Amino acid sequence: MKVIRHIYEMQHFIKERKRRGDTIGFVPTMGFLHEGHVSLIEKAREECDTVVTSIFVNPLQFGPNEDFDRYPRDFERDERLARERGTDVLFYPSVEDMYPDGAGVQMKVTERTNVLCGEKRPGHFDGVVTVLTKLFHIIQADRAYFGLKDAQQVAVVNDLIDSYFFPVELVACPTVREEDGLAKSSRNVYLKDHERFEAPKLYQQLLRAKEQVQTGKALKDVRQEMISVLEDIPYGETDYVEILSYPQLQTVETFDRKLIIALAYRFENARLIDNIIIEEKL
Ligand code: AMP
């Protein structure tokens, strides 16, 4: 596995690989890799000739009071995992290289961002699509792999690809979980023991809500019950609980199309998100 830090070198490498006819699979990450990231790398490995994984903690997608400075980082461990699990090139650019003009030109998302993390983290998705536009241009991938743990991101990035005619196919991959159901996340390391003990309740509530939706309970009642149960968790607080159409992310009254039940929950040093997508009834 090659580690490439400079954009011009990455572009040169991709040009060579394209010249020999390789398909390129791209896995963008912020590092501190876990089995969720690895599942994307492995899927790309199965489907593409050359697999590029990027590690870039993108300052533009963090708000002023968010955790950019203390986002977990461990490059040596990431390098080992990326290599062992099938990456050909680990792209690890610096902030200065990615934003040579100090982010003087940025993208803006106006659809699907008035809800969920878009609403709670103003500017977050503008930062995400800005960095992905840069990365898509550099990597020129045939397929880009994203996790449905960040389902709103998948919806927004699909829009980005369609709106700007990026010749890349987005492959959405299922959420990888701990044995007790907690969604794997780089931020889980910041859970204190007593919080880690409570955290699986988030997914348990999503599962319960899914069953209630599928057995015909009114969506507003399902949501209300989730909110009350989450309130009983002795630590942290709910940021949002929503039931929306997916991928449109619009308010719905009844279960007559594909839905997402999504939540965000703040523990002391880690804000966790999770969701479950429910297909329309047959
Ligand atoms: P991040 O490093 O958190 O920006 O995540 C990089 C990619 O990995 C994104 O497409 C995420 O959706 C995906 N990802 C993160 N956690 C998981 C997980 N538990 N299961 C599957 N994909 C994940």
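All other residues whose Cβ lies under 12 angstrom from that of E9 are scored, Lys and Arg at +1 and Asp and Glu at -1, for a net of +1. Taking label positions 7 Å along the Cα-Cβ direction at both E46 and D256, the computed distance is 3.7 nm, reported to one decimal.
Antiparallel beta bridges, as assigned by DSSP with both residues in the chain, represent about 50 percent of the total such bridges. Give me the 1.4 Å probe accessible area per residue for the chain, excluding ligands and nucleic acids, in Å². In whole numbers, the chain has 49 Å² accessible per residue. Using alpha carbons only, how many degrees (0 to 90, rounded to 10) separate the axis of helix 151-163 from the longest principal axis of the chain? That works out to roughly 50 degrees.
In this structure F136 has an accessible area near 10 Å², from a 1.4 Å probe over the protein heavy atoms. Each Lys or Arg adds one and each Asp or Glu subtracts one; over the other residues with Cβ under 11 Å from the Cβ of I139, this totals +3. Computed over protein heavy atoms with a 1.4 Å probe, the carbon and sulfur contribution to the accessible area of segment 2-173 reaches 47%.
Using just its DSSP H runs of length 4 or more, each adding -39500 (n - 2.57), the chain gives a mean residue ellipticity at 222 nm of -11500 deg cm²/dmol after division by all residues.
Spread over its residues, the convex hull of the C-alpha atoms of the chain is 136 Å³ per residue. Considering only alpha-carbon pairs that sit under 8 angstrom and 6 or more positions apart, the relative contact order computed for segment 104-178 is 31 percent. In vacuum, with every alpha carbon of segment 57-129 counted as one equal point scatterer, what does the Debye formula give for log10 I(q)/I(0) at q = 0.18, 0.21, 0.22, 0.27 Å⁻¹? Two decimals, please. Debye intensities relative to I(0), on a log10 scale: -0.89, -1.02, -1.05, -1.18. Partners of K192 within straight-line reach, counting lysines whose Cα lies under 29 Å from its Cα and excluding those fewer than 8 residues away in the same chain: K120, K149, K184, K201, K210.
Here the simple spin-label model places points 7 Å from the Cα toward Cβ, and for V95 and E279 these points are separated by 4.4 nm.
Taken about its Cα centre, segment 1-46 carries a charge dipole of about 300 debye when Lys and Arg each add +1 at the Cβ and Asp and Glu each add -1 at the Cβ. Listed by chain and number, the lysines whose alpha-carbon sits under 25 Å from that of K15, ignoring those within fewer than 8 places in the same chain, are K2, K43, K134. Result for the chain in a Gaussian network model with C-alpha springs under 10 Å: among G102, G181, G236, the largest mean-square fluctuation is at G102.
Apply 1/(1 + (r/R0)^6) to the Cβ-Cβ distance of F165 and E76, taking R0 = 41 Å, and write down the FRET efficiency to the nearest 0.05. Computed FRET efficiency for F165 and E76 comes out at 0.60. Each residue was assigned an accessible area with a 1.4 Å probe, and for E96 the value is about 130 Å².
The values are calculated or read from the model by the stated rules, or taken from the named source; none is laboratory data. As the structure is a computational prediction, the values presented were derived from the model and not from experiment. For neighbour counting, all protein chains shown are included, and Cβ atoms are generated from backbone atoms with ideal geometry for every residue, glycine included. The area values use the complete protein model at the heavy-atom level, side chains included, leaving out ligands, DNA and RNA. Shrake-Rupley method; radii C 1.70, N 1.55, O 1.52, S 1.80 Å.
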